[in-house]
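The values are calculated or read from the model by the stated rules, or taken from the named source; none is laboratory data. Everything numeric in this text was worked out from a predicted model, so none of it was measured. Here Cβ is always computed from backbone atoms with ideal geometry, including for glycine, and neighbour counts include all displayed protein chains.
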Amino acid sequence: MENIIETPKLALTKKDFESDRMVKWCPGCGDHAILKAVENVFPELGIPKENFVVVSGIGCSSRFPYYMNTYGVHGIHGRAAALATGVKLANPELSVWMITGDGDSMAIGGNHFIHVVRRNPDINILLFNNKIYGLTKGQFSPTSPEGSKTKTSPQGTYEAPFNPGELVIGAHGKFFARVVDTNIKMMSQVFTEAAKHKGTSVVEILENCVIFNNQIHALITSRDTKDENQLFLEAGEPMIFGKERDKGIVLRGTNLEVVKIGENGITEKDILVHDPHTEDSGIHVMLASMMPPEFPAALGVIRSVKSHTFEELVWNSVEHEKKTSKLKNVDDLLHTGNTWVKQ
Amino acid sequence: MSDKKDRVIELKNAVIRFAGDSGDGMQLTGSLFSDSTAIVGNDFATFPDYPAEIRAPQGTVSGVSGFQIHFGDMDIHTSGDQADVLVAMNPASLKANMNWITRDAIIIVDTDAFVEKNFKKAGYDENPLTDGSLTGHLVIEAPITTMTKEAVKELQLDNKSAQKSKNMFALGMVFFMFNRDYEGTFKFFEDKFKSNPLVVEANKKVLLAGYHFANTIEAFANTYKIEPAPLKKGLYRNVTGNLATAWGFLAAAERSGRNLFLGSYPITPASEILQEISKHKQFTAIAFQAEDEIAGIVSAIGASYAGSLALTTTSGPGLSLKSEAIGLAVMTELPIVIVDVQRGGPSTGLPTKSEQSDLMQALFGRNGEAPVIVIAATSSSDCFYSAYEASKLALEHMTPVILLTDGALANGSEVFLIPQVASLPEIVPPIVKANDPDFKPYKRDEKKLNRPWAIPGTEGLRHRVGGLEKEDVTGHVSYDPLNHEKMVKTRQEKVDRVAEYIPELSVIGEKEGDILVIGWGGTYGVILTAIEELREEGQKISFAHFKHIMPLPKNTGDVLSKYKRIIVCENNLGQFVNYLRMNFPMYDYLQYNKVQGLPFMVSELKAHFSSLLNE
């Protein structure tokens, strides 16, 4: 089951969300395109502009709140998830967007990240994954491929990277999607779905860092290779990709496999049909794990499962206690238990 | 009530210590005795002394759990130096407490537990009841376990359940000793074990058995009586510091019209505040148990931005983890209260013991120039007013406030005159109205220098805050050197100006003279008692106690200038005295320090002050 919030449209435009501040990201940085996509999406969500709160941690991506004309908090390194949780719990009416990077949420904020996903407050997390520390100028991150040569790994890294999608699903995440920073249309579409999902939605954005990790996602994003390496998932549609749309994903035994339609008797009917709404995360985690060159990277909404939200449970409890508690005010509380009068 | 009315001795005050294995129910026994003390109208203070381990090995000294109560017919400010009566449920409890009882204390023991194997566990070579080590004490030997089993025989409880109520036998004995009525305690059993009438019956029978045993035996030469204390008229209750802290915040939330949000992580000895707030969702108080200390405070900062009265509660090591986030609250100028229930440090230190050694951390433990208001509660019941005031200062001045309490205040309890919430000072946060054309995120109030609080969801006030330096007035990110210096100075001055909004320092005793004793925070009761006793003995000695640490009361220098000698007493190596040296270098300071994880004793303070007076 999916979990969707529908709201009537308001007369807002992109202009309502553009800040008057100079955007100071490097020319060519993926952040610019993501900012555009977010500015496209916000006016379309039917949410009053004063109800958006954009929070972030630390890093290049985390400057994002300063470039949006909304309420916003630029937090401290790794802690955006805690900040977002506090805002949302305090006022569930707000549309809370958390902007973070692979250093911010996979390293120093890894703990908060898995816990926010586990609790499932209705927060939209945009995880900018450029697989490098940009703001500190080029050290490897927890998502850098093993062996990556960076300023702090001159001989290459010695550690296995995290795949954010696996982490989200492992933490009982209800919504995970992936997009590329080279496709504003795709980003806008998926961000909208993330916004409409009730619960924590994590969107991983495969992002380029022109300065310190240029072309890190080239196989997935470059004009020559993208068609063969991108699988855009849509609910109810077969997992077909390739320039000629002649490749697909099948389940063989317990593994996914790339097949060619028309070869070895394979027809479109044999191709797996995407079901992002199934509770069972087995296929979802396999899709999230797929990476070129063996597989295409799965893009779009990989998992979107209905569940109650954290703040819903907390506030239902508040309402219930208000109705049933004998204590109507703090004076009542102070008089509970053993009291005695001194004449 | 007693058959032995002719042998009732009137006392001014007394200290009782209940000690047993950590599973023996000594805390409950103590708190039931406290309740009966309240009913007879004595003033009192209590202090639990329990091990860090939940169930340390049975019968060993490290597994001993104690509860001390000091009660009297006058104002009681401390839980007492040494006990006049010790209840020792086993040899380990006797051994652990020999240093904490008076030389002629009455000792009640459960002789059934004084057997060979328990002597070994407690580290005794011989039976302490017979080896002469208790000379000078009146030892009341009672086969408590046997008689407890006997008392409930007809109820046919299993052996374990029967023994569980043996603490009530001891309580019954002490009730008899102090001429107490047990009806209130019976009522407690009836409420507490409503669903289990057998347990109610068992506890009643055992308590009565203890009472009658004490009445019958020849050992008690006398019983004791303490007249009611001349407390102010009004409605009273007993509170621990942690309970009072939680309630002070709930009162502040109600009075300020803000929802309460506590982001916290369990830590000894602060967890009870989180537990208490968790119970009160009916007041729209949200307690969020976070994944760690950092998420605790950062979620609170998020809630503060969103318009809540936001808090985080912790103890020393947790405060270390929160340092960076406190800096964020300083920079974003958002209201938040950070409670540090101080315990013995450094590192994990002495988790269940009390100390005042986080003062410097609270004042200066952050990167950059990061001033915050620091106040320190002075007693268990003052925790209520301190929490309330901390909230008021945070909300009205738009700044983080660190509230220091300590393990002794937190777990200790005392009599609390219940206030009316409506009688507490008004709290008026600077919340901006929708579409205010003059709104700028960092445009300050001329008097307080606070910035306005513009709450998300309000039309026409969209703005961004964050940890990067802010441009004056607009709040835009600014790297301008002169702007930075201006903002650093302004944030400091905002906190300094709070001195205009807190009470002046008051002095007990001569307003000028030879010796001024200084304390701060949780040592108030014990220093006050020492000073009162010395003054009653005719000594000229004055006392000033600090609750407001940053900023200091504005007459502080004035007060210090009036005395020849100043002695600063604190449970650390001299953190407050060094803070005074920094602020008022023109005066000489003596210091008296104790860092044992234990509060001062009145006797040691009196002895030290007397020797100074005689110099």
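Brief remarks follow.
- Taking every residue in the stretch A:246-268 that is farther than 19 Å from A:F232 by Cα and pairing it with any residue that is hydrophobic (A, V, I, L, M, F, W, C) and outside any loop (DSSP other than H, G, I, E, B), at least 6 positions away or on another chain, the pairs with Cβ-Cβ distances below 7 Å are A:I266/A:V259.
Each row is one residue, and each column tells you yes or no for (1) surrounded by 12 or more Cβ atoms within 10 Å (Cβ to Cβ); (2) touching a residue at least 40 places away in the same chain (Cβ under 8 Å); (3) out of contact with any Leu (no Cβ under 9 Å at 6 or more places or on another chain).
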| site | (1), (2), (3) |
| --- | --- |
| A:I283 | yes, no, no |
| A:P293 | no, yes, no |
| A:I302 | yes, yes, no |
| A:T309 | yes, yes, yes |
| A:K323 | no, no, yes |
| A:K328 | no, no, yes |
| A:D332 | yes, no, yes |
| A:G337 | no, no, yes |
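- The numbered conditions (1) in a helix (DSSP H, G or I); (2) charged (D, E, K, R); (3) within 11 Å of chain A (Cβ to nearest Cβ) are all true for B:R491 except (3).
- Listed conditions (1) hydroxyl-bearing (S, T, Y); (2) outside any helix (DSSP H, G or I); (3) buried (at least 16 other Cβ atoms within 10 Å of the Cβ) are all met by B:S195, apart from (3).
- Residues of the stretch B:331-344 that turn out to be in contact with a Gly (Cβ under 8 Å, 6 or more places away or on another chain) and either modelled with pLDDT under 95 or within 10 Å of chain A (Cβ to nearest Cβ) (or both), as a count: 2
- So A:L83, is it in contact (Cβ under 8 Å) with a residue 40 or more places away in the chain and either touching a Ser or Thr at 6+ places or on another chain (Cβ under 9 Å) or closer than 28 Å to B:A329 by Cβ (or both): no
- Residues that are among the basic types (K, R) and within 25 Å of A:M290 (Cα to Cα) are absent from the stretch A:132-145.
- The stretch B:452-476 - residue that is in a strand (DSSP E or B) and more than 11 Å from every other protein chain (Cβ to nearest Cβ) and, of those, surrounded by the fewest Cβ atoms within 10 Å (Cβ to Cβ): B:V473
- Only a single criterion out of (1) assigned to a helix (DSSP H, G or I); (2) at pLDDT 95 or above; (3) over 17 Å from the mean Cα position of the chain (by Cα) is not satisfied by A:D104, namely (3).
- When each of B:T29, B:T46 is tested for being within 14 Å of chain A (Cβ to nearest Cβ), within 27 Å of B:A122 (Cα to Cα) and touching a residue at least 60 places away in the same chain (Cβ under 8 Å), the lone residue that passes is B:T46.
- Verdict on A:T13 being hydroxyl-bearing (S, T, Y), without any contact (Cβ under 8 Å) to a residue 60 or more places away in the chain and buried (at least 20 other Cβ atoms within 10 Å of the Cβ): no
- Where helices (runs of 4 or more DSSP H) sit wholly within the stretch A:272-341, those with at least 1 residues that are closer than 30 Å to B:A422 by Cα and either in contact with a helix residue (DSSP H, G or I) (Cβ under 6 Å, 6 or more places away or on another chain) or within 14 Å of another protein chain (Cβ to nearest Cβ) (or both) occupy A:310-324, A:330-334.
- Only listed residue being in contact with a strand residue (DSSP E or B) (Cβ under 7 Å, 6 or more places away or on another chain), in the same structural domain as B:V15 (by TED's automatic domain parsing), crowded, with 19+ Cβ neighbours inside 10 Å and not β-branched (V, I, T), chosen from B:F169, B:F213, B:F175, B:F189: B:F213
- Failed item in (1) touching a helix residue (DSSP H, G or I) at 6+ places or on another chain (Cβ under 6 Å); (2) farther than 16 Å from B:D110 by Cβ; (3) of a type in the set (V, I, T), with B:V64 passing the rest: (2)
- Restricted to the stretch A:133-241, the set of strands (runs of 3 or more DSSP E) holding at least 1 residues that are surrounded by fewer than 18 Cβ atoms within 10 Å (Cβ to Cβ) is empty.
- Meets criteria (more than 7 Å from chain B (Cβ to nearest Cβ) and at pLDDT 95 or above) for A:T85: no
- Meeting the requirement of 1 or more residues that are acidic (D, E) and in contact with a Leu (Cβ under 9 Å, 6 or more places away or on another chain), the strands (runs of 3 or more DSSP E) wholly within the stretch B:514-615 are B:563-570.
- Any hit, the stretch B:225-237, residues being within 30 Å of B:A300 (Cβ to Cβ), outside any helix (DSSP H, G or I) and not hydrophobic (A, V, I, L, M, F, W, C): yes
- Matching residues, the stretch B:299-330, being facing chain A (nearest Cβ under 7 Å), out of contact with any strand residue (DSSP E or B) (no Cβ under 8 Å at 6 or more places or on another chain) and surrounded by fewer than 24 Cβ atoms within 10 Å (Cβ to Cβ): B:E324
- Members of the stretch B:131-156 found to be in contact with a Leu (Cβ under 7 Å, 6 or more places away or on another chain) and crowded, with 18+ Cβ neighbours inside 10 Å, listed by number: B:V139
- Filtered by the rule that a residue be surrounded by fewer than 18 Cβ atoms within 10 Å (Cβ to Cβ), touching a residue at least 24 places away in the same chain (Cβ under 8 Å) and not aliphatic (A, V, I, L, M), the stretch A:20-45 gives A:D20, A:R21, A:K24, A:C26, A:P27, A:G28, A:K36, A:E44.
- Unmet requirement for B:E218, which otherwise passes all of (1) farther than 19 Å from B:S36 by Cα; (2) in contact with a helix residue (DSSP H, G or I) (Cβ under 9 Å, 6 or more places away or on another chain); (3) surrounded by fewer than 23 Cβ atoms within 10 Å (Cβ to Cβ): (2)
- Positions within the stretch B:264-284 being within 14 Å of chain A (Cβ to nearest Cβ), polar (S, T, N, Q) and not in a helix (DSSP H, G or I), in sequence order: B:S264, B:T284
- Search result, residues across the stretch B:479-495 that are crowded, with 17+ Cβ neighbours inside 10 Å and without any contact (Cβ under 8 Å) to a residue 60 or more places away in the chain: B:M487
- Residue count for the stretch B:401-435, restricted to those that are surrounded by 20 or more Cβ atoms within 10 Å (Cβ to Cβ) and part of a strand (DSSP E or B): 10
- Of all the numbered requirements in (1) farther than 14 Å from B:W247 by Cα; (2) surrounded by fewer than 24 Cβ atoms within 10 Å (Cβ to Cβ); (3) at the interface with another protein chain (Cβ under 10 Å from one of its Cβ atoms), B:A287 misses one, and that requirement is (1).
- Within the stretch A:46-81, the set of residues being under 18 Å from B:G457 (Cα atoms), facing another protein chain (nearest Cβ under 8 Å), in a loop (DSSP other than H, G, I, E, B) and not hydroxyl-bearing (S, T, Y) comprises A:P48, A:N69.
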